[in-house]
Amino acid sequence: METKFQFAKELIYEAGRYIRDNMTHNLVIEEKSGFDDLVTDLDKAVQELMVKRIHSAYPEDHFFAEEDGLVSDIDDGSVWVLDPIDGTVNFIVQGCDFAVMIAYYENSVGQFGLIYDVMNDILYSGGGQFDVTANGKSLPSFHDRPLRRSLIGGNSAMCAQNVMGIADLGRRTLGIRGIGSAGLSICRVLEGRFIAYFSNIAPWDYAAGSIMGEKLGYIVLDLCGHKPDYKTRQMIMFVPQAKLKEIQKYIK
């Protein structure tokens, strides 16, 4: 597993370099489900790069990725879950606050996850048998603190509409912050900068973070408190296991 983990680190750095080298080119932008659900030719090229590298090194492995209809179940043997550019709108409009994400599963068990903050050159990685680190520095397990001294991260539309009480929970904290990247929001939870994160996202958006989070005392659940299906887009929460009951007093 160590060899695969190191391979994944090298691959995600390569993907980040490819993005930085090509992001100033004229992008071809397409709408998917709506005007605010965008994909670029660079998203597709980065995913293709990662899939080719993995397939060359591990030809028997499978893929579950955001683009091109790669939809293997995470219980289908050895499966790589890929998000080539998480935060595509941020990438297009701001040129920052986006990430590349890789998660690796064997028979539905997460072995490691990686989230690479491309423009800040920070790699969050680990989970399973590996320590969770940010650029090699270990991140601590969850340390409890009161909600009234905490921030939460969240999808702005869900918060504005108070979906299942998220805004009510927010009023018990110092506020709600939106980044526009699920991966980077989850990293802020892992670092202790947010106490929790809420959004409506797909498995490739939370897979890497869920593997790392489990190692540090966090859990990914849907807003009803069930394990997500790892197949479809769902409203989820990434929260400390130790604060789950307290948070669920407001999420209902």
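The values are calculated or read from the model by the stated rules, or taken from the named source; none is laboratory data. What you see is a predicted model, and the numbers here were worked out from it, not measured in a lab. Because the Cβ atoms are built from the backbone with ideal geometry, glycine has one as well, and the counts that use them run over all protein chains shown. Surface areas here come from the heavy atoms of the whole protein model, side chains and all, with no ligands, DNA or RNA. Shrake-Rupley method; radii C 1.70, N 1.55, O 1.52, S 1.80 Å.
Below is a table of values for the structure above.
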| quantity | calculated |
| --- | --- |
| Residue that is surrounded by the most Cβ atoms within 10 Å (Cβ to Cβ) [pool: residues in region 121-139 that are in a loop (DSSP other than H, G, I, E, B) and either among the hydrophobic types (A, V, I, L, M, F, W, C) or without any contact (Cβ under 8 Å) to a residue 24 or more places away in the chain (or both)] | Leu139 |
| Hey, Ile85 open to solvent by less than 40 Å² (accessible area, probe 1.4 Å) and either assigned to a helix (DSSP H, G or I) or closer than 19 Å to Gly128 by Cβ (or both) or not | no |
| All positions within region 170-200 that are among the hydrophobic types (A, V, I, L, M, F, W, C) and either surrounded by 18 or more Cβ atoms within 10 Å (Cβ to Cβ) or more than 23 Å from Gln241 (Cβ to Cβ) (or both) | Ile176, Ile179, Ala182, Leu184, Ile186, Cys187, Val189, Leu190, Phe194, Ile195, Ala196, Phe198 |
| Single residue of region 1-51 satisfying the filter (β-branched (Val, Ile, Thr) and in contact (Cβ under 8 Å) with a residue 40 or more places away in the chain) that is farthest from Asn120 (Cα to Cα) | Ile29 |
| Scope region 75-111; condition over 26 Å from Gly180 (Cβ atoms), at pLDDT below 95 and not polar (S, T, N, Q); matching residues | Asp75, Asp76, Gly77 |
| Matching residues in region 140-169 - criterion: being of a type in the set (Gly, Ala, Ser), within 21 Å of Ile219 (Cβ to Cβ) and open to solvent by less than 60 Å² (accessible area, probe 1.4 Å) | Ser150, Gly153, Gly154, Gly165 |
| Subset of region 88-120 [open to solvent by 10 Å² or more (accessible area, probe 1.4 Å) and small (Gly, Ala, Ser)] | Gly95, Ser108, Gly110 |
| Lone unmet requirement of (1) over 15 Å from Pro203 (Cα atoms); (2) open to solvent by 50 Å² or more (accessible area, probe 1.4 Å) for Asp75 | (1) |
| Residue match in region 19-26 (condition: under 28 Å from Glu106 (Cα atoms) and surrounded by 18 or more Cβ atoms within 10 Å (Cβ to Cβ)) | no |
| Number of the condition not met by His143 [criteria: (1) outside any strand (DSSP E or B); (2) modelled with pLDDT of 95 or more; (3) closer than 17 Å to Phe238 by Cα] | (2) |
| Subset tally (residues that are assigned to a helix (DSSP H, G or I) and either outside the structural domain of Val89 (by the TED database) or crowded, with 16+ Cβ neighbours inside 10 Å (or both)) for region 54-68 | 1 |
| Failed condition for Tyr250, given (1) more than 18 Å from Ala103 (Cα to Cα); (2) aromatic (Phe, Trp, Tyr); (3) open to solvent by less than 10 Å² (accessible area, probe 1.4 Å) | (3) |
| Verdict on Phe130 being among the hydrophobic types (A, V, I, L, M, F, W, C) and over 14 Å from the mean Cα position of the chain (by Cα) | yes |
| Any hit, region 34-53, residues being part of a strand (DSSP E or B) and over 20 Å from the mean Cα position of the chain (by Cα) | yes |
